[in-house]
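Only one structure is covered here, and it is reproduced in the block below.
Each reported figure results from applying straightforward, stated rules to the coordinates on display, with no laboratory input. Being a predicted model, the structure only gives us computed values, none of them experimental. No Cβ is skipped: glycine too gets one built from the backbone with ideal geometry, and neighbour counts run over all protein chains shown.
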Amino acid sequence: MTKVSYLPFVGSIFLSAFLLFLIQPLVTQFLLPLFGGSPAVWNTALVFFQVVLLLGYVYAHLISSLGSRRMALLIHLGVLAAPLALLPPARPGSAFLSGVLHPSVTVLVVLALMVGAPFFALSTNSSLIQHWWAQTGNPGAEDPYWLYGASNLGSLLALLSYPILVAPLLALDTQAAYWSVGYGVFLLVTLGPMALGARRKAVDRGPPVQA
């Protein structure tokens, strides 16, 4: 069996983790002029990100359980490509600030419209990439947990770089534009593991790994 390069898998997981942790402080900066920086706003944003992250894990489990791998890959390609139509994130219009809804609900709606789709797409990536790597048949593919290293590195770099480099040096709209370019790069890199998955027969390695 031909060996599969691990680089596209590592690159995809690294970029998804980096972008996932970078978008959270970025988009909450959009909320400050609209809602202020009260604990209720930050707590509501935290709840939103955690719920969407959980939904991403559920989706990853369901899509990896489909009988047709090609169908699963096509569905997932649509999930990854759809957010491109909604980028870059932008401040919501005044219609969402009319006071009709409870402030917490308004924050949730604004976050969902701004970053719900790309955040969900990124949250599915780690579990699925590990699952696809485990099916490549490469030596050591039955133990994909080392891919956590790439994920942890991407997360750490995002958390460190935002307050030290990104926020002080770039305007908020510029941050959103660069982040959107990064998402496009992530999508292109992830096409590699997806193409490899479409060409190879699944290797029975047990249940998919969850992040």
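The table that follows gives values for the structure above.
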read-out: Difference of contour (0.36 nm per residue) and Cα-Cα distance, ALA81 to VAL181; value: 34.7 nm
read-out: Residues listed by number, region 160-196, amide nitrogen under 18 Å from SER5 label point at 7 Å toward C-beta; value: 185-196
read-out: Inter-part distance where region 6-57 and region 59-73 are each reduced to a Cα centre, Å; value: 25
read-out: Under Karplus coefficients 6.51, -1.76 and 1.60, residue-wise ³J(HN,Hα) of region 29-40 in Hz, glycine/proline x; value: 5, 5, 6, 4, x, 8, 10, x, x, 5, x, 4
read-out: Potential lengthening between TRP42 and ASN152 on full extension [0.36 nm per residue; Cα-Cα distance subtracted]; value: 37.3 nm
